[in-house]
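What follows is one structure encoded as structure tokens, with my remarks underneath.
The values are calculated or read from the model by the stated rules, or taken from the named source; none is laboratory data. Everything numeric in this text was worked out from a predicted model, so none of it was measured. For neighbour counting, all protein chains shown are included, and Cβ atoms are generated from backbone atoms with ideal geometry for every residue, glycine included. What goes into the accessible areas is simple: the full protein's heavy atoms, side chains included, and nothing from ligands, DNA or RNA. Shrake-Rupley method; radii C 1.70, N 1.55, O 1.52, S 1.80 Å.
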Amino acid sequence: MTRPLLALLAAAGLVLGGCSTVSKTVDAINPFASTGPKMTPLQPLTGAADVRTQWSTGIGKSGDYVFVPAVVDGAVYVAGRDGTLSKLADGKTVWKISAGQTLSGGVGASERLVVVGTPKGEVLAYSADDGRPLWQARVSSEVLAAPTVGDDGVAVRAGDNRVFLLDAGDGGRKWVYQRSTPALAIRGAGSPIFAERYVFVGFPGGKLVALAANNGAPVWEGTVALPKGATELDRVADIVAAPVVDGRQICAVAFQGRVACFDLGQAGNMVWSRDISSSVGLALDGRYLFVTDDSGVVYGLDRLSGSSLWKQDKLKNRRVTAPTVRRGLVAVADGEGIVHYLSREDGSFVARQKTDGSPVKASLKPLGSGLVVQTTGGTVAAIEAQ
């Protein structure tokens, strides 16, 4: 095993364990572990922009799971490990229910549907209007990623890397896609995404696959990373975060791999690639691509060529989330529950805001002119940089 991988494994506090299905998994290769290299101390900001918390409320703690808030038409849907599911509007509770069981993945939502998943592979759907239970379905293993609700149905990524498309009306199975997995894979994965007539999913082994939304057939496959090395751990090269789409371009990033962008209009031909390892993800905005690597360094790249625009390394080892872009600023959060705003143009610090002090694992979500953050401690807050 190479020295860099050994260091990352130690920093992440990894465990090798039996998956609930076909393969072993490397559990939680991510920058959110409570052990590892000491966080880089934060330097005081001078001339920082004003940041205000628009509202803040509580939800159940996340535990070992990652719950991503869903924002639809100004409403915010949030869930906790204890089964709590809530709809918020301007920080006020519209409805709040209990699923009656532990949750492990969520939240996916549309104007009429809210969907979460459980460790037992159950997919639970509720009315967005009042939280009424609508249907329940089962997939092949635990649901770690938030289900994705689209016009073609509800796409669910199971822990064994099978992808299911369920009918949004009754939860009936439309199709399932399965592919072989390596002997070792990272436990946890990004949500599928809908774009045009496809469902896009990143897989262990560094492959980005476009599935036909109507029948689940693979249409094209892009190589984001190639497994390499002397041992199985060296060869872990998985796409853990969800890919991102903007216009005719789709981009993905792999752990122990690279960032790669593909042309949707040319059967997935690769436009460019760049060696950066990430298990948290990336964002597209205008001519920029932003990515957080596995050490917490945030990069700004030219989305057309992949060339470097800037690099912010003052958050190293702070267990930094994927970037989110709002009002010309790049926002990330860290393992101490602090949200950092960076300049889109040069990566310099613009502002920061504390939450409850517990780690933020979920990506920040745009809400109006601000962002929604959910901490592992159970705080949900809307913040805005002026």
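Residue 230 fulfils the conditions (1) open to solvent by 20 Å² or more (accessible area, probe 1.4 Å); (2) of a type in the set (Gly, Ala, Ser); (3) within 25 Å of residue 108 (Cβ to Cβ) except for a single criterion, (3).
Quick one: in segment 129-145, of everything that is in a strand (DSSP E or B) and either among the hydroxyl-bearing types (Ser, Thr, Tyr) or in contact (Cβ under 8 Å) with a residue 12 or more places away in the chain (or both), which residue is least open to solvent (accessible area, probe 1.4 Å)? Spell out how you get there, then give the answer.
First, pick out the residues of segment 129-145 that are in a strand (DSSP E or B): 133-138, 143.
Now restrict to residues that are either among the hydroxyl-bearing types (Ser, Thr, Tyr) or in contact (Cβ under 8 Å) with a residue 12 or more places away in the chain (or both): 134-138, 143.
Working: 134: 68, 135: 24, 136: 112, 137: 16, 138: 131, 143: 0 Å².
Checked segment 129-145; the qualifying residue least open to solvent (accessible area, probe 1.4 Å) is 143.
crowded, with 24+ Cβ neighbours inside 10 Å and in contact (Cβ under 8 Å) with a residue 12 or more places away in the chain: does that describe residue 155?
Details: crowded, with 24+ Cβ neighbours inside 10 Å: yes; in contact (Cβ under 8 Å) with a residue 12 or more places away in the chain: yes.
Considered against the rule, which asks whether it is crowded, with 24+ Cβ neighbours inside 10 Å and in contact (Cβ under 8 Å) with a residue 12 or more places away in the chain, residue 155 comes out as yes.
Being touching a residue at least 24 places away in the same chain (Cβ under 8 Å) and either of a type in the set (Val, Ile, Thr) or crowded, with 20+ Cβ neighbours inside 10 Å (or both): is that true of residue 244 here? Can you show your working first?
Numbers: touching a residue at least 24 places away in the same chain (Cβ under 8 Å): yes; either of a type in the set (Val, Ile, Thr) or crowded, with 20+ Cβ neighbours inside 10 Å (or both): yes.
Against the criterion (touching a residue at least 24 places away in the same chain (Cβ under 8 Å) and either of a type in the set (Val, Ile, Thr) or crowded, with 20+ Cβ neighbours inside 10 Å (or both)), residue 244 qualifies.
A single entry from 222, 268 fulfils the requirement of being out of contact with any Lys or Arg (no Cβ under 6 Å at 6 or more places or on another chain) and at positive phi: 268.
Checked against (1) open to solvent by 10 Å² or more (accessible area, probe 1.4 Å); (2) part of a loop (DSSP other than H, G, I, E, B); (3) not aliphatic (A, V, I, L, M), residue 126 passes all but a single condition, namely (2).
Can you go through 291, 280, 320 and tell me which one is touching a Phe, Trp or Tyr at 6+ places or on another chain (Cβ under 8 Å) and under 23 Å from residue 204 (Cα atoms)? Spell out the reasoning first.
On the way: 280 fails: touching a Phe, Trp or Tyr at 6+ places or on another chain (Cβ under 8 Å); 320 fails: touching a Phe, Trp or Tyr at 6+ places or on another chain (Cβ under 8 Å).
Step by step, each of 291, 280, 320 is checked, and only 291 is touching a Phe, Trp or Tyr at 6+ places or on another chain (Cβ under 8 Å) and under 23 Å from residue 204 (Cα atoms).
Return a yes/no flag: does segment 339-349 have any residue that is closer than 28 Å to residue 87 by Cβ and either open to solvent by 10 Å² or more (accessible area, probe 1.4 Å) or over 19 Å from the mean Cα position of the chain (by Cα) (or both). No, because not a single residue in segment 339-349 is closer than 28 Å to residue 87 by Cβ and either open to solvent by 10 Å² or more (accessible area, probe 1.4 Å) or over 19 Å from the mean Cα position of the chain (by Cα) (or both). When only residues in segment 364-386 that are open to solvent by 40 Å² or more (accessible area, probe 1.4 Å) and assigned to a loop (DSSP other than H, G, I, E, B) count, which is modelled with the lowest pLDDT? In this case the residue turns out to be 386. Take the conditions (1) at pLDDT 95 or above; (2) under 23 Å from residue 51 (Cα atoms); residue 317 misses just one of them, which is (2). Every condition in (1) under 26 Å from residue 105 (Cβ atoms); (2) open to solvent by 10 Å² or more (accessible area, probe 1.4 Å); (3) modelled with pLDDT of 95 or more is met by residue 312 except one, and the failing one is (1).
Do we find a residue being open to solvent by less than 50 Å² (accessible area, probe 1.4 Å), at pLDDT 95 or above, part of a loop (DSSP other than H, G, I, E, B) and within 22 Å of residue 255 (Cβ to Cβ) anywhere in segment 165-185? No, segment 165-185 contains no residue that is open to solvent by less than 50 Å² (accessible area, probe 1.4 Å), at pLDDT 95 or above, part of a loop (DSSP other than H, G, I, E, B) and within 22 Å of residue 255 (Cβ to Cβ). Of all residues in segment 320-337, those satisfying the criterion of being open to solvent by 50 Å² or more (accessible area, probe 1.4 Å) and modelled with pLDDT under 95 are 326, 327.
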